[in-house]
Every structure is written in C-alpha cells, then in structure tokens.
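A short worksheet on the structure shown next.
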Amino acid sequence: MCLAIPARIVELRSDDLAVVDLAGVKKEISLALVDNVVVGDYVIVHVGYALNKLDPEEAAKTLALFAELGQLDAPSAVH
Amino acid sequence: MKYIDEFRDGEVARGLAEAIRREANPERRYHFMEFCGGHTHAISRYGVSDLLPDNVKMIHGPGCPVCVLPIGRVDQAIRLALENGVTLCTYGDCLRVPASDSLSLLKAKARGGDIRMVYSSADAVALAQKNPDKQVVFFAIGFETTTPPTAVAIKQAATLGLKNFSVLCCHVLTPSAISSILESPEVRQWGTVPLDGFIGPAHVSTIIGSRPYEFFAEEYRKPVVIAGFEPLDVMQAIRMLIRQVNEGRAEVENEFSRAVDRDGNKKAQQLVAEVFEMRKNFEWRGLNILPYSALRIRSQFAEFDAEKRFPLDYQPVPDHKACECGAILRGVKRPQDCKLFGTVCTPENPIGSCMVSSEGACAAHYTYGRYKDV
Ligand code: SF4
C-alpha cells in the first residue's frame with residue numbers, strides 16, 4: 001500500500017498533470033503536491049500523485065557509499 | 001529501473017552484510033523495529049534477516065495502513081454500499097480486509113454493492129463528475145502518504161461544486177503509532193519490547209520530513225534512521241543504527257536523503273492542514289484507541305464528509321480471540337507464535353489484519369519466510 005516508485009517525467013500537461021515513464025509504461029500523474037518540476041526530473045509516485053522530487057546528487061552519494069563498501073568487503077564475503 | 005535496481009545489487013548487499021557483521025558487537029544483542037510495511041516486505045522478500053548476524057534482530061512494526069484499519073471502519077464502508085446505495089471507491093488493498101459477518105468489500109460487491117477499485121483519489125472525483133445522479137464516496141485510508149492526495153480531491157470537489165462526492169476519512173498519523181508502541185499499557189502487560197532503535201518510514205517521511213522523529217530520539221533515547229524501501233537502503237540503515245547504539249547515541253539520521261529532508265513537503269503539509277484536523281480518538285486495529293492519532297475533515301468541508309452526510313455511527317468490533325496481531329504489531333510476539341498462523345489464517349483467508357496485505361508481518365512471513373523455521 002505504501003509502495004511508491006521513482007519515475008521520470010517525460011511530458012508536462014495542463015492542470016498540474018504530467019506523464020511519467022515507468023520502465024516503458026507511460027502513465028499520467030498529478031503534480032498538485034510538488035513545485036518546479038521539469039521534464040527529465042525523477043519524482044516519487046504514489047497513488048497517482050508525485051509526492052516529491054528525487055535528488056540525483058543525494059542518490060549518487062548514497063550509491064558511492066555502497067560502492068566503496070562493495071569494493072572493500074565483497075572479496076572477503078565472497079571467498 | 002533507474003533508482004531501483006542499483007539499490008538491489010546482490011554484491012553490494014554482501015559487502016554491507018560484512019560491514020554489519022564487523023560492526024555489531026558480539027557481546028550484545030540488537031533489536032530494531034522497522035515501522036513501515038514496505039520495509040517488512042523488503043526484509044522478507046530479499047531475505048535481509050538471513051544476511052544479518054544472529055545477535056541483530058528485526059521486529060515488524062504496525063506501519064501497514066491496511067493492517068491497522070479496524071473492522072468497524074470497513075463495516076461502515078460496506079454499509080454505505082449495501083444500505084445507502086452509494087458508489088464506494090477505494091484503493092485495491094482495502095478490498096479483501098475481513099470485516100464483520102464474514103464480509104469484506106469484495107464479498108459485499110458480489111452481493112450487489114457498487115464497489116469500485118480506484119488507483120487514485122482523482123479517479124473517485126472523476127467518477128462523481130460523470131455520474132451526477134449517484135452518491136460517490138471515497139473510502140480514504142492510509143498514513144501521511146495518501147492523505148495529501150485525499151486533500152487535493154476534496155478541494156477539487158469543492159472547486160467543482162460537486163454535490164454527490166464525499167470522503168469516509170480514515171487517515172492515520174505515524175508519529176502517534178510510534179508513541180503508542182513505546183508507552184502503551186499493553187507493553188507493560190505483555191512485557192517490555194526490547195527495542196534499541198527504529199527504521200523510520202520512507203515515503204511518509206517524504207511528506208512530513210525527518211523532524212517529527214527528533215522527539216523520539218530525545219524523549220525516549222531511541223535512535224531513528226529513515227531508510228528507503230530497497231534492500232540496500234534497509235541494510236545501510238541497520239548498519240547506521242548499530243553504529244549509534246555502539247556509540248551510545250540516539251539521533252535521527254537519514255539514509256534516504258535522495259527523497260527526504262528535515263522539513264518534508266511543505267506544500268503537501270499545508271494542503272493537509274487546510275482540509276483536515278486532528279481527531280481526539282481513533283481506533284487502530286491491533287493497537288486499540290489511540291488519542292490524537294488520526295484526522296477528520298474540517299467543518300468548512302463538512303459537505304464532503306461522508307460521516308456527516310450519511311447516518312454512520314461507529315461500532316468497534318473486537319479481533320478474533322486467538323489472533324495475536326496486537327502483540328505482533330508491538331513487536332512482543334512473532335507471526336509463528338500465533339496458533340492460527342498458516343493453518344486457519346492464510347493470505348487467502350486472513351483472520352487478522354497482519355495477514356491481509358503483503359506488507360503485514362504475518363503475510364510477509366507466510367509468503368517468504370515460513371519454511372525457514374521448520
Ligand atoms: S496469523 Fe492471522 S490470526 Fe494469527 S496473528 Fe497473524 S493475522 Fe492474526
């Protein structure tokens with residue numbers, strides 16, 4: 001029920017509506033809860049609404065942290 | 001998919017597991033509760049518990065909106081459809097929740113009730129617009145993630161001047177549920193839950209921000225780490241919690257910084273404040289009546305309030321006597337401790353709330369973890 005997914009905005013429409021691409025499936029969602037969204041932004045979509053924007057820089061930071069761990073620890077974990 | 005697959009990488013998961021193993025002090029035990037059903041689901045589905053050392057245990061909390069919806073509320077929705085002849089719209093997850101007289105919304109539909117599954121609150125408004133001769137009621141449930149969309153729908157109906165749209169509002173608040181877990185009398189009755197920290201909600205926090213949890217960290221000395229719903233997010237959060245416990249800290253940290261900040265979505269918060277106000281009391285399934293734990297529609301929007309428009313008194317209905325949901329939702333017992341688990345109570349025929357949605361502790365354990373204990 002609470003599951004919401006990151007999706008990319010591919011088109012802006014009137015009345016606070018937009019189209020997102022979800023692994024090739026296009027879906028119309030509402031932007032009534034978020035401001036300043038442009039095409040190419042990722043938003044977290046839940047029950048047809050964008051809850052807020054996803055920050056690509058923060059995502060990259062989290063992934064970099066994981067990658068570092070993977071490199072340091074994976075060999076000892078695998079062998 | 002971008003921003004999903006990268007957070008499910010198996011190699012990185014092994015690296016994280018190793019890091020957790022290294023950091024967890026073998027001399028002590030760690031008990032963390034994940035509040036959200038989304039986390040429960042991720043932990044069961046990706047076998048996160050198997051990657052953790054034996055002294056790190058996850059406890060499944062009450063954070064699934066379908067699981068905490070009391071029977072009496074579903075009864076109200078069913079009555080609206082069967083006795084008041086309304087078109088009742090709701091999210092798909094609500095349809096199978098067991099209600100009184102062996103009914104559910106799905107079974108009420110089979111009896112002729114006009115019950116429709118909608119994907120979004122906006123669909124319910126559109127349905128009312130298209131059918132001016134029918135009363136359309138949106139059965140609105142959920143935590144802080146689904147509340148802003150309901151607020152938007154009510155404002156939209158007001159702008160359109162709809163006379164045939166109303167909302168049965170059952171929206172509940174996350175922080176109150178966490179308080180009740182920490183200080184309810186039942187905890188005393190069942191014994192204390194050995195909780196060393198919380199994994200904080202993911203999408204709820206995109207709306208309310210991380211600030212509301214600061215109270216728990218300070219007042220109850222419990223660390224909180226807000227985490228995304230992917231398995232790597234959960235593992236990293238566990239690692240951050242272990243670190244806080246080891247260092248004797250109790251702070252709010254944010255693993256899900258790609259979507260959550262301290263303040264949350266102010267636009268959504270403002271919309272919610274405009275349309276809703278606190279209820280003094282609200283019954284939660286498995287957690288009893290919790291003060292100031294839910295929302296109702298403000299009087300300015302009374303004409304869109306189904307509880308005002310229709311004769312709907314609330315009748316509390318007790319859970320099945322043998323069902324242990326109450327203890328499970330508070331982390332005192334595990335699904336396999338319930339006599340009904342997997343025999344009388346299954347996802348096809350749920351007796352208690354924890355078995356209803358795939359995010360419930362019993363259903364998650366039934367689907368993904370059942371054979372591990374055999
Ligand atoms: S197995 Fe069923 S009856 Fe038992 S606690 Fe879980 S939901 Fe309740």
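Values quoted throughout were computed directly from the atomic coordinates according to the rules given, and no laboratory measurement underlies them. A quick note: this is a predicted structure, and the numbers were derived from the prediction, not measured. Here the Cβ positions follow ideal geometry from the backbone for every residue, glycine too, while neighbour counts run over all protein chains shown.
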Item checked: Euclidean distance between Cα centres, the stretch B:296-360 to the stretch B:122-173, Å -> 22 Å
Margin query: How many angstrom lie between the Cα centre of the stretch B:42-101 and the Cα centre of the stretch A:9-25?
Written below: 30 Å
Checklist line | Karplus-derived HN-Hα couplings along the stretch B:224-229 (A = 6.51, B = -1.76, C = 1.60, θ = phi - 60°), whole Hz, x at Gly and Pro | finding: 10, 10, 7, 9, x, 8
Notebook entry, point to check: In deg cm²/dmol and to the nearest 500, what is the mean residue ellipticity at 222 nm of the protein assembly as shown if only DSSP H runs of at least 4 residues count, each as -39500 (n - 2.57), divided by the residue total?
Noted result: -10000 deg cm²/dmol
Checklist line | All lysines inside 22 Å of A:Lys26 as judged from Cα atoms, apart from same-chain residues fewer than 8 positions distant | finding: A:Lys53, B:Lys2
Note to self: Please compare each pair in B:Lys155/B:Lys308; B:Lys109/B:Lys308; B:Lys155/B:Lys267 to a cut-off of 20 Å on the Cα-Cα distance and tell me which ones are over it.
What the structure shows: B:Lys109/B:Lys308
Next item on the list: Using a Gaussian network model of chain B whose springs link C-alpha atoms within less than 10 Å, name the residue from B:Val317, B:Val332, B:Val125 with the highest mean-square fluctuation.
Entry: B:Val317
Notebook entry, point to check: Equivalent-ellipsoid semi-axes (√(5λ), Cα gyration tensor) for the protein assembly as shown, whole Å, largest first?
Noted result: 35, 27, 19
Note to self: Give me the base-10 log of I(q)/I(0) for the stretch B:152-279 at each q in 0.15, 0.16, 0.17, 0.22 Å⁻¹, Debye formula, one uniform scatterer per Cα, rounded to two decimals.
What the structure shows: -0.81, -0.88, -0.95, -1.28
Margin query: Give me the net charge for the shell around B:Pro311: Cβ to Cβ below 11 angstrom, other residues only, Lys and Arg +1, Asp and Glu -1.
Written below: 0
Margin query: Could you tell me the calculated FRET efficiency between B:His31 and B:Ile4, based on Cβ-Cβ distance and R0 = 45 angstrom, to the nearest 0.05?
Written below: 0.95
Check: Points 7 angstrom from Cα along the Cβ direction at B:Asp133 and B:Ser299: gap in nanometres?
Finding: 3.7 nm
Note to self: Output the 0 to 90 degree angle, nearest 10, between the alpha-carbon long axis of helix B:71-82 and the longest principal axis computed from the alpha carbons of chain B.
What the structure shows: 30 degrees
Check: Roughly what angle does helix B:121-130 make with the longest principal axis of chain B, taking Cα atoms, 0 to 90 degrees, to the nearest 10?
Finding: 10 degrees
Notebook entry, point to check: How far is helix B:147-160 tilted, in degrees, relative to the longest principal axis of the Cα atoms in chain B, given as a value from 0 to 90 rounded to the nearest 10?
Noted result: 20 degrees
